[in-house]
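Colleague: The structure under discussion is supplied below as structure tokens; questions concerning it will follow.
Computed from the coordinates by the stated procedures, all read-outs in this text should not be read as laboratory data. All of these numbers come straight from a predicted model, not from anything done at the bench. Note that we place each Cβ from the backbone using ideal geometry, even for glycine, and neighbour counts take in every protein chain shown.
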Protein chains: 2
Amino acid sequence: MRRPQLEPPLPSGSLPPRVTIYEVGARDGLQNEKQILPVQDKAAFVRMLTEAGLGTIEVTSFVAPKWVPQLADAEELLANLGDLGRGRNRPVLVPNERGLDRALALGVNSVAIFGSATETFARNNLNRTVDESIDMFRPVVARARDAGAWVRAYVSMCFGDPWEGDVPIAQVVDVCRRIMDLGCDELTLGDTIGVATPGHVQRLLDALGDVGIGVDRIGVHFHDTYGQALANSLAAIGQGVTTVDSAAGGLGGCPYAKSATGNLATEDLIWALDGLGVETGVDLKKLVATSVWLAGRLGRPSPSRVVNALAESV
Amino acid sequence: MRRPQLEPPLPSGSLPPRVTIYEVGARDGLQNEKQILPVQDKAAFVRMLTEAGLGTIEVTSFVAPKWVPQLADAEELLANLGDLGRGRNRPVLVPNERGLDRALALGVNSVAIFGSATETFARNNLNRTVDESIDMFRPVVARARDAGAWVRAYVSMCFGDPWEGDVPIAQVVDVCRRIMDLGCDELTLGDTIGVATPGHVQRLLDALGDVGIGVDRIGVHFHDTYGQALANSLAAIGQGVTTVDSAAGGLGGCPYAKSATGNLATEDLIWALDGLGVETGVDLKKLVATSVWLAGRLGRPSPSRVVNALAESV
């Protein structure tokens, strides 16, 4: 089924004409899948995403293999991809200086650090306080910039924390400001546990604007645990955000398990943006075919509604 | 995980303070499930929905059993429910005068008719043209009103048709106007195949307002086939609509099959509205418990993200 094309042009109002999809399936998606894919499949996945028109693709993470065995093959993957795995639009996650060293040694020039808005998650995920994590990021960002790399800063748990519950907006803003003051190019607001709703998104964006972090430097990263990811992404876009994270096929989630903490499915986002007349440059049919192929490699269905609806037509 | 409660009150802007959820799980949901539930389970389901705070519950359909065997027990269900199955907030679907006769004989005083915005669906579903279907509805609505019943008019395929593709807004408005002119109390815009996006919703609501059908008489009914149902419902609410259809647990859909044409899950809608500070009167925990119970009776997982996320906590 085709999306209806309206005869008169849509009243796009304050919607931006174009949104950059920051595709996180190969990193955030695959690191949360039980099944570990062979490096050849990962490289094929990145190639198919590129072919489908995804401009920005986070390729992998240079995290210690003992923590994320799913991505232990970062070096091999980049070697396999060659020039396709490097460049401003092929960021990799670097948790610390050791990760940065590994990335820079391979010629990467676009990196992402991964911080936390809450003390509990900083302790559980980074094994340090928020202050200590910012101290850890300082040389990473400085050295990345010295090397000419673009730097994204993820801040996770911006809308809720599984241990702490509510996370005050003032606290999130404070962490974001301190991380951006390190010299990062882009801030990404992560709803790691998927609890946000659109009003909350709007309020956090407003509060960040009040301290000088405008929507031109902000990306949003929603998980679909409670089915809110698309609505939240559209709320952010309505506020002027033009960088939205999503994962092909909703990778990292499970369509029917309790732990359905997957990213927003890129296909579901594209369906909405195409309908709203917002350009993404992505060929939905090719992307669905990619996700169908990958679901086969992972041996489980995709949690993306669009993928399931269109699977037999691609 | 609890939804974050923001410290300062949410800037609800033009959001209505309260939305009426028109629960369609027992009718639209169950009629699209392969498994036929025994009447005792259906009655228990309606009782649990009531207990969870759902004010308006469409109970069943008085359609010919040969067409919808899932709902062949309409009389038995109403007998089982007694007063709980009747009243202004317990509508039943009546496809024609024969269905109306059956409903009125049982003391029902709230009914819904089911029209089509497109000729192809009218022919395939109602076995008549759109004109002929309106002729068929005329005495149904007149007699229902004479009997003191409240009348809802569903218009299906308002945003796209599986055979015709795009459906012009002018055509939808024309059908809606003619059906409302019969004397119906409420118009419900059905996105039967789930293809709508928020700008389309806004445009149709604007066009209906232009012919005098205001949002105070309009309900919206979105299916989640392409993952757009919540975003579309919120778009309608943002335009002033205060009646939104949804089905407990996303009934009628399948979490991972191609035919994932289920309704918007009531739980996912409640999560969003609670977060936005819009009252619904529904106890989410009780509703999730209801959907978990029903999924067990149906022998398959719920497609609702919220149900899956909270299933083990209720």
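Colleague: Measure out, as a whole number of angstrom, how far apart the alpha-carbon centroids of region B:77-101 and region A:158-197 sit.
Modeller: That distance is 50 Å.
Colleague: Which whole-Hz couplings ³J(HN,Hα) result when phi for each residue of region B:113-120 is put into the Karplus expression 6.51 cos²θ - 1.76 cosθ + 1.60, θ = phi - 60°, listed in order with x for Gly and Pro?
Modeller: Karplus values, whole Hz, x for Gly and Pro: 9, 9, x, 9, 7, 10, 5, 5.
Colleague: Based on DSSP H runs of at least 4 residues, each adding -39500 (n - 2.57), what is the mean residue ellipticity at 222 nm of chain B after dividing by all its residues, to the nearest 500 deg cm²/dmol?
Modeller: That comes out to -11000 deg cm²/dmol.
Colleague: Which distances, in nm and shortest first, link the A:Gly183 label point to the same label point in every other copy, taking 7 Å along Cα→Cβ?
Modeller: From this label point to the equivalent ones elsewhere in the assembly: 7.7 nm.
Colleague: Still on this model: May I ask you to report, in nm to one decimal and beginning with the shortest, the distances from A:Ala105 to the same position in the other copies, taking label points 7 Å along Cα-to-Cβ?
Modeller: In ascending order, 8.3 nm.
Colleague: Distances in nm, one decimal, shortest first, from B:Glu279 to the same residue in every other copy, taking the label point 7 angstrom along Cα→Cβ.
Modeller: Label point to label point, same position, other copies: 4.7 nm.
Colleague: Can you give the three extents of the C-alpha atoms in chain B along their principal axes, from longest to shortest, in whole Å?
Modeller: Computed over chain B, the largest-to-smallest principal extents equal 52, 43, 38 Å.
Colleague: Anything over 30 Å Cα to Cα? Flag those among A:Lys34/B:Lys286; B:Lys34/B:Lys286; A:Lys66/B:Lys286, in the order listed.
Modeller: In this structure, A:Lys34/B:Lys286; A:Lys66/B:Lys286 lie more than 30 Å apart at Cα.
Colleague: What are the radius of gyration and Dmax of region B:1-146, computed over its Cα atoms and given in Å?
Modeller: Just the Cα atoms of region B:1-146 yield Rg and Dmax of 17.9, 56 Å.
Colleague: Distances over 45 Å make up what percent of all Cα-Cα pairs in the protein assembly as shown?
Modeller: Working: 37322 of 196878 pairs.
The share of Cα pairs beyond 45 Å in the protein assembly as shown comes to 19 percent.
Colleague: Provide a whole-number value for the mean count of partner chain Cβ atoms within 10 Å of the Cβ atoms in peptide A:300-311.
Modeller: Mean shielding count: 6.
Colleague: Once amide H atoms are placed 1.01 Å from N in the peptide plane, what residues at a sequence separation of 5 or more from A:Glu164, or on another chain, have their amide H within under 5 Å of its amide H?
Modeller: none
Colleague: Could you pull out every residue, at least 5 positions away or on a different chain, whose amide H is within less than 5 Å of the one on B:Gly253? Hs are placed 1.01 Å off N in the peptide plane, and Pro or chain starts have none.
Modeller: Close amide H contacts, sequence-distant or interchain: B:Gly262, B:Asn263.
Colleague: Would you mind giving the mean number of other chain beta-carbons within 10 Å of the Cβ of each residue in B:217-228, as a whole number?
Modeller: Other-chain Cβ atoms within 10 Å of each residue's Cβ, averaged: 5.
Colleague: Turning to a different aspect of this structure: Hey, what's the per residue convex hull volume over the C-alpha atoms of region A:72-223, in cubic angstrom?
Modeller: Residue-normalised Cα hull volume stands at 112 Å³.
Colleague: For region A:216-297, what number results from the quotient of the Cα radius of gyration and 2.2 N^0.38 Å?
Modeller: It is 1.09.
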